[in-house]
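A.B. asks: Questions regarding the structure given below will be posed in turn.
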Amino acid sequence: MSVVPYKNKEEGKKEQVAEMFNNISHKYDFLNHLLSLGIDIIWRKKAVKLLEKDQPKLILDIATGTGDFAIEALALNPDKIIGVDISEGMLNEGKKKMKKKKLDHIIDLQLGDSEKLLFEDNKFDAVIVSFGVRNFENLEKGLADMFRVLKPGGKTVIVEFSKPKKFPMKQGYNFYFKYILPQIGKLISKDSFAYTYLPESVQVFPDGQNFLNVLEKVGFKNTQCKPLTFGISSIYVGEK
């Protein structure tokens, strides 16, 4: 089942997701940290640590947005990080950030479709994604393309929202996600659909073992799922 941000529009999910992120790009970083109470930063740091022993030199950051995950990945001391995203608005914000932080020589942000990556096979030492795979129009296709551009022996590390299973976290999380988050998001971003789409997309996303099954289906091995903060998010790992 595919959930789209703007149910009153004809375009496919990919076009709608790009439009949504263009609309909220100017407030995205602020809202991201506010709505997650800053925990998203800790989640990304944990994900990056899982690549420490691999020492990847060339990293691809899919659905890079404004480049937060790419910046965290600098802790791995890579030679280069390429970030791709379908939203020009998000990339523009990201490029401003890289310039300001003097990181634009090592982090290269490019417009690109994560389901049709313009890179040759077996190119990257690691492929990372934070809160992006949920927005793929075709999940299997996107993951298969990530697998294709990864070097044999390379690793993917994915951070994505999941659904808490235990009382009372499950009930509290559902209430916050359904009633509070959309209202704050709408007020600050001025996009009344973007933060309604977020909880809806999480509900239909195949988290936990279901997501590992898709990773394995496209070829990844030694897959793992590491739940974070009572299962609000999870880190998924797979090797080629």
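The values are calculated or read from the model by the stated rules, or taken from the named source; none is laboratory data. A quick note: this is a predicted structure, and the numbers were derived from the prediction, not measured. Here the Cβ positions follow ideal geometry from the backbone for every residue, glycine too, while neighbour counts run over all protein chains shown. The protein model used for the area step is the full one, side chains on, heavy atoms only, and it has no ligands, DNA or RNA in it. Shrake-Rupley method; radii C 1.70, N 1.55, O 1.52, S 1.80 Å.
A.B. asks: Given the structure, is Asp125 at negative phi, in contact with a strand residue (DSSP E or B) (Cβ under 7 Å, 6 or more places away or on another chain) and not in a loop (DSSP other than H, G, I, E, B)?
C.D. replies: yes
A.B. asks: Condition (residue is surrounded by 14 or more Cβ atoms within 10 Å (Cβ to Cβ), part of a strand (DSSP E or B), basic (Lys, Arg) and out of contact with any Pro (no Cβ under 8 Å at 6 or more places or on another chain)) applied to the stretch 180-190: is it met by at least one residue?
C.D. replies: no
A.B. asks: Six or more apart or on different chains, Cβ atoms under 9 Å: show the pairs whose first residue is in the stretch 97-119 and under 13 Å from Ile81 (Cβ atoms) and whose second is open to solvent by 30 Å² or more (accessible area, probe 1.4 Å) and assigned to a strand (DSSP E or B).
C.D. replies: Listed by first residue and then by second, the contacts come to Met98/Asp108; Ile106/Lys80; Ile107/Lys80; Asp108/Lys80.
A.B. asks: Could you check the stretch 190-204 and list, in sequence order, the residues that are in contact with a Lys or Arg (Cβ under 7 Å, 6 or more places away or on another chain), touching a residue at least 12 places away in the same chain (Cβ under 8 Å) and over 15 Å from Phe136 (Cβ atoms)?
C.D. replies: Tyr195, Pro199
A.B. asks: For the stretch 199-213, give me each residue that is within 23 Å of Lys46 (Cα to Cα) and surrounded by fewer than 18 Cβ atoms within 10 Å (Cβ to Cβ).
C.D. replies: Listed by number, the residues that qualify are Pro206, Gly208, Gln209, Asn210, Asn213.
A.B. asks: Here's another thing I want to ask about it. Right, Lys102: assigned to a helix (DSSP H, G or I) and either surrounded by fewer than 20 Cβ atoms within 10 Å (Cβ to Cβ) or in contact with a Pro (Cβ under 8 Å, 6 or more places away or on another chain) (or both) or not?
C.D. replies: No; evaluated as a whole, the condition is false for this residue.
A.B. asks: Part of a helix (DSSP H, G or I), free of Cβ contacts under 8 Å to residues at least 24 places away in the same chain and either of a type in the set (Lys, Arg) or surrounded by 20 or more Cβ atoms within 10 Å (Cβ to Cβ) (or both): which single residue out of Lys53, Lys9 fits that description? Talk me through it step by step, then tell me what you get.
C.D. replies: On the way: Lys9 fails: part of a helix (DSSP H, G or I).
On inspection, the qualifying residue turns out to be Lys53.
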